[in-house]
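Below: the structure, in structure tokens.
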Amino acid sequence: MDLLNSIKTVERCQRNFDLTQPVPENHIKFILDAATSMPTRQNRIHYNITVVNDAELTRDIYTNIAFDKDDRDHDLRNGQTYAPLLLIFGTDSEMLNNEKYSYRKYDVPMSVGLASGAAAIAASSLGYVTGFCKCFNEDLLEQWILKTYNKKSIEPRLMLGIGKPNTKFDRTECVIDDEVVYTAGSMGDKDIEIFRK
């Protein structure tokens, strides 16, 4: 698959995965190498990545954490987190909340954006589909990471689900126990303005 096709695959959010097909360790390493090789300002460490490749754990996140903050049917949302491989991008950077570094407040989200994009493209180049998720309870996820991994990930900002698609369903359908519980709407194609002289 050429690079542009990999990128176009990443553009569409996958909301269900074939959980019987785990992502092998050599593929996880390749994806993580791509993510952690992206540039950061002055090559500082602005983010960390929590790797979740246990279906019971990703189901826990999907069921209890990955919901829109104003949604009451939270167990019906954001199936892109119920994946064979889930990467959680957070930080422990002192630059996040330290007034001394307020002029660098965009360094963390910029670094997370670059790293997660590279991870998604690397995954797509290996034949996987991906789904980004920003709609989740950050406080609950921070506590979950500390409890489950005994690691500190302040204000996790983004999750990326990776795996093979569940071909029995459309990519927009959130599935649990082989049943569609929510279908996400699509905004269609985007038309990004490009300015040139």
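Things worth noting here:
- Those chymotrypsin sites (Phe, Trp or Tyr not before Pro) in region 160-197 that DSSP places in a loop and that have at most 12 other beta carbons within 10 Å: F195
- The separation of region 105-121 from region 147-197, counted between C-alpha centres, amounts to 16 Å.
- A Förster radius of 35 Å combined with the Cβ-Cβ distance from L57 to D191 puts the calculated FRET efficiency at roughly 0.35.
- The residues D18, D189, sorted by heavy-atom accessible surface at 1.4 Å with ligands and nucleic acids left out, run D189, D18 from largest to smallest.
- Residues whose amide H comes within less than 5 Å of that of T91, counting only those at least five positions distant or on another chain, are N48, I154 (H built at 1.01 Å from N in the peptide plane).
- Amide H contacts of G163 (H built 1.01 Å from N, under 5 Å, at least 5 apart or other chain): V129
- Two-decimal log10 I(q)/I(0) for region 132-197, as the Debye equation yields it once each C-alpha is a single scatterer, q = 0.13, 0.16, 0.21 Å⁻¹: -0.63, -0.83, -1.01
- Karplus (6.51, -1.76, 1.60) ³J(HN,Hα), θ = phi - 60°, over region 17-34, in Hz, Gly and Pro reported as x: 9, 7, 6, 7, 10, x, 8, x, 4, 5, 6, 4, 4, 4, 5, 5, 4, 5
- Taking E142, E179, E56 in turn, the Gaussian network model of the chain (Cα-Cα springs below 10 Å) assigns the largest fluctuation to E179.
- Kirkwood Rh in Å, taken over all unlike Cα pairs in the chain: 17.3
- In order through region 151-162: 3J(HN,Hα) via Karplus (6.51 cos²θ - 1.76 cosθ + 1.60), integer Hz, x for Gly, Pro: 10, 9, 10, 6, 6, x, 9, 7, 10, 9, x, 9
- Extreme residue, positive dipole direction of the chain, given options T63, G90, L19 (C-beta unit charges): G90
- 32 Å Cα-Cα threshold exceeded, pairs from K100/K197; K147/K168; K105/K164; K8/K105; K164/K190: K100/K197; K147/K168; K105/K164
- With θ taken as phi - 60° and the Karplus curve 6.51 cos²θ - 1.76 cosθ + 1.60 applied, the whole-hertz 3J(HN,Hα) list for region 42-59 is 6, 6, 7, 8, 9, 8, 10, 10, 9, 9, 10, 10, 10, 4, 5, 6, 5, 5 Hz, x standing for glycine and proline.
The values are calculated or read from the model by the stated rules, or taken from the named source; none is laboratory data. Treat the numbers as computed from the prediction; the structure is a model and nothing was measured. FYI the Cβ positions are ideal-geometry reconstructions off the backbone, even for glycines, and counts take in every protein chain you see. Heads up: the accessible areas ignore ligands, DNA and RNA and are worked out on the full protein's heavy atoms, side chains in. Shrake-Rupley method; radii C 1.70, N 1.55, O 1.52, S 1.80 Å.
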